[in-house]
Amino acid sequence: MVARVRTVAFHGVQVIEVETQVTIVSGLPAFTVVGLPDKAVAESRERVRAALAALGLALPPKRITVNLAPADVTKEGSTSTCQSLWACWQRWTCYRPTSSALTRFSGNWRSTGR
C-alpha cells in the first residue's frame, strides 16, 4: 500500500504539483528518496529522522521509499521534509485522510520536532 500526499514544488516562478508517495516494506532498513531530488531534498531523510528523534520516536526498521512524482522535474529546497514525514506517518499508522483529493500539503519541519 502506498501513502500519498499532494503538495507543490517551485521551479523558478512556476508552481508544479508534486505527489509524495511513500512505501514501507520488509527488507534491509533504508530510507531512499527518488524522483529527481536535488541535494537538499535528498537530505530530507536525515531531517525526518531528526524530527522524529526530537519527538521520542523512530522510523520502523524497514525499507522506506519516498517517491516525488513527477520524476522529470527537479525538486529543490528543503520543503519536502514535512510532506515526507506526513506520508511516512500515514503509511506507518495506516491513517487515511478523508478529503485528500482537494488538499495540498505544505510546510517545513525543524529538527526540534516543532
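The values are calculated or read from the model by the stated rules, or taken from the named source; none is laboratory data. Source: prediction; values computed, not measured. Virtual Cβ from ideal backbone geometry, glycine too; neighbours counted across all protein chains shown.
Odds and ends about this structure:
- Residue list for the stretch 29-64, restricted to those being in a loop (DSSP other than H, G, I, E, B), of a type outside the set (Lys, Arg) and touching a Ser or Thr at 6+ places or on another chain (Cβ under 7 Å): Leu36, Asp38
- Residue satisfying all of: in the stretch 24-66; touching a helix residue (DSSP H, G or I) at 6+ places or on another chain (Cβ under 9 Å) and of a type in the set (Val, Ile, Thr); nearest to Arg4 (Cα to Cα) among these: Val66
- Across the stretch 24-70, the qualifying residues are those that are touching a Pro at 6+ places or on another chain (Cβ under 7 Å) and not charged (D, E, K, R), and the one among them that is surrounded by the most Cβ atoms within 10 Å (Cβ to Cβ) is Leu68.
- The set of residues in the stretch 1-26 being hydrophobic (A, V, I, L, M, F, W, C), outside any strand (DSSP E or B) and without any contact (Cβ under 8 Å) to a residue 24 or more places away in the chain consists of Val13 alone.
- Breaking point among (1) over 12 Å from the mean Cα position of the chain (by Cα); (2) of a type in the set (Val, Ile, Thr); (3) at pLDDT 85 or above, for Val66: (1)
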